[in-house]
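Let me begin by presenting the structure, written as structure tokens, before commenting on it.
The values are calculated or read from the model by the stated rules, or taken from the named source; none is laboratory data. Bear in mind the structure is a predicted one, so any value in this text is a computation, not a measurement. Reconstructed Cβ throughout: ideal geometry from the backbone, glycine too, with neighbour counts over all protein chains shown.
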Amino acid sequence: MNLYEEVNKRKTFAIISHPDAGKTTLTEKLLLYGNLIRSAGTVKGKKSGKFATSDWMEIEKQRGISVTSSVMNFPYRGYHINILDTPGHEDFSEDTYRTLTAVDSVVMIIDSTKGIEAQTIKLFKVCRMRGIPIFTFINKLDREGKETLELLEEIEEVLDIETCPMNWPIGMGKRFLGVFDRNKQELVKFNGNEEETYIPKEELELDETLMSNSTYLEAMDEFALVEEAGNRFSLEDVLQGKQTPVFFGSALAPFGVQTFFDNFIAMAPAPGGRKTTEGVISPDNPDFSGFIFKIQANMNPAHRDRVAFLRVCSGKFERGMDVKLARTNKQIKLSQSQQFVASSRGTVEEAFAGDIIGIYDPNIYRIGDTLITGKDKFEYNELPQFPPELFKKVTAKNVMKSKQFKKGIEQLVQEGAIQLFRQHRTESYILGAVGELQYEVFQYRMQNEYHVDVMFETIGERIPRWLNPEQKVDPSLFDERNMLVTDREEQPLVLFKNDFSLNWFKDKNPTIELIDLFEVN
Ligand code: GDP
């Protein structure tokens, strides 16, 4: 098989959702279709110890959670599927955002009983900022949830993206009859635990029970309106992230999952060209290249080794190959490589654009690093800086340790474990993170690698807005409530106490430019 064919077999995506929307349940079903697991219910085995074979960080063991964004890959109908996990809840961190820089599309799961939830919004914003195509699966139709039109409206309004329903649910909860498939113009009937059945449109009109079923009639009336006046499906818009195809179903039943997956696979883009300092590099460029989007430190505390997660972007990866680290021009032999199947690690011999591999990191890589072969030298575009939300002042418990403290902070910040800010005038160290876990990892690593105990003083959730450095802004406008700080690049920003403070400030100071990182990258 040539390079072009290999690349076009790849579908690399992440599933984003708010905790409990059904990500694990859906993932399990996909793995089942891929014959990767024999029975559903094993992915969450993390807690029951089924996957506790790897010695990830101590924190992970203590909390029974996965710190890593694990990668699952399996063959499906001639395709090579790569699913990247996006941890949520307590293990939500900047890594969750960074994972999204390594995928080509995203599946967004929405719980029909809840609608759009907080974490979905955050992850969605990253997809929007990266122009990643988004496919929506509205889950839990077997339960009483929000009305179909209400859900679609919510997506359009809250997320500001056009929706195009690919199927239409008939009832919900106890009255759930199935979905009407827009493409095939047939009813996919929900039969509880039995297999779904398919009834073509012509036959539906002859079915007397259906023709006197008000749930069915109402849903079909509604759907007729949507077909008449709703958004037209446009694959082009989908691929540009302007429209999201919406599917309805139940991950648990399962109902509509395989149809969703087949349609998704057909529409989702294969790996495309990626921007570098020397222009776009095509995925079937014969020279191997890729970038590191995540570094997992201390997977084995005894050896203090690290694994760097690399997204292959072009050419062919072969174990043991020599590559160049573009940042330093250093030659490296990639002898230890791992591909991740759920949480068990297997050695990978070869990989192509779209694949994710874990490579041994003898402490030389940084997040965003490019690895290349061939004559041309280039680097993939820097990973964006993501806006943190949780802020804490940090100090060393023992002032005598301030040298190690500074060294530790600098290295961990450079590695991308956490973001560092300095308060205007006081110069206090302020750490910014996307989730609480980053503080735990930071504290743990400061202790174990730099032998410094750190103390935190909580500042809490803040809304960061960068100032335009060209614009002169009076520092006396800010205080502890709306805190003026600088980031690592000495760029000024304000940590607003809440939405109210932000809006109040905007009203009072309409000429001051306030930049939301989600909007600019
Ligand atoms: P995650 O946190 O997004 O990974 O969510 P899970 O997959 O763990 O699901 C959360 C809960 O919702 C579990 O109790 C699931 O059994 C349940 N669940 C998932 N999908 C469905 C569904 O389609 N219908 C119903 N009734 N429950 C579901």
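What the table shows:
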quantity: Qualifying residue in the stretch 375-382 (condition: without any contact (Cβ under 8 Å) to a residue 24 or more places away in the chain and under 26 Å from the mean Cα position of the chain (by Cα)); calculated: yes
quantity: Tally of residues being touching a Leu at 6+ places or on another chain (Cβ under 7 Å), within 16 Å of the ligand (Cβ to nearest atom) and in a helix (DSSP H, G or I) across the stretch 124-154; calculated: 1
quantity: Flag for residue 163 being within 28 Å of the chain's Cα centre (by Cα), more than 16 Å from the ligand (Cβ to nearest atom) and either within 30 Å of residue 518 (Cα to Cα) or not aromatic (Phe, Trp, Tyr) (or both); calculated: yes
quantity: Filter pass, residue 509 being modelled with pLDDT of 95 or more, more than 21 Å from residue 414 (Cα to Cα) and over 33 Å from the mean Cα position of the chain (by Cα); calculated: yes
quantity: Which listed residue is more than 27 Å from the chain's Cα centre (by Cα), closer than 19 Å to residue 386 by Cβ and hydrophobic (A, V, I, L, M, F, W, C), from 452, 485; calculated: 485
quantity: Failed condition for residue 168, given (1) over 21 Å from residue 250 (Cβ atoms); (2) surrounded by fewer than 22 Cβ atoms within 10 Å (Cβ to Cβ); calculated: (1)
quantity: Options 517, 420, 431, 493: the member that is of a type outside the set (Gly, Ala, Ser) and at pLDDT below 95; calculated: 517
quantity: Count - residues of the stretch 206-253 that are farther than 30 Å from residue 133 by Cα and surrounded by 13 or more Cβ atoms within 10 Å (Cβ to Cβ); calculated: 6
quantity: Yes/no for residue 438 being under 20 Å from residue 518 (Cβ atoms), assigned to a loop (DSSP other than H, G, I, E, B) and under 22 Å from the mean Cα position of the chain (by Cα); calculated: no
quantity: Close pairs (8 angstrom Cβ cut-off, 6 or more residues apart or separate chains): under 24 Å from residue 437 (Cα atoms) and in contact (Cβ under 8 Å) with a residue 60 or more places away in the chain in the stretch 392-403, of a type in the set (A, V, I, L, M) and not in a strand (DSSP E or B) anywhere; calculated: 394/409
quantity: Members of the stretch 467-489 that are at pLDDT 95 or above and touching a helix residue (DSSP H, G or I) at 6+ places or on another chain (Cβ under 7 Å); calculated: 482, 484
quantity: Residue match in the stretch 484-501 (condition: part of a helix (DSSP H, G or I) and closer than 11 Å to residue 465 by Cα); calculated: no
quantity: Hits in the stretch 6-24 (condition: at pLDDT 95 or above and either in a helix (DSSP H, G or I) or out of contact with any strand residue (DSSP E or B) (no Cβ under 9 Å at 6 or more places or on another chain) (or both)); calculated: 6, 7, 8
quantity: Hits in the stretch 170-191 (condition: free of Cβ contacts under 8 Å to residues at least 40 places away in the same chain and out of contact with any strand residue (DSSP E or B) (no Cβ under 9 Å at 6 or more places or on another chain)); calculated: 173, 174
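Here's the yes/no breakdown for (1) at pLDDT 90 or above; (2) in a strand (DSSP E or B); (3) within 11 Å of the ligand (Cβ to nearest atom):
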site: 26; (1), (2), (3): yes, no, yes
site: 36; (1), (2), (3): no, no, no
site: 43; (1), (2), (3): no, no, yes
site: 62; (1), (2), (3): no, no, no
site: 66; (1), (2), (3): no, no, no
site: 74; (1), (2), (3): no, yes, no
site: 100; (1), (2), (3): yes, no, no
site: 107; (1), (2), (3): yes, yes, no
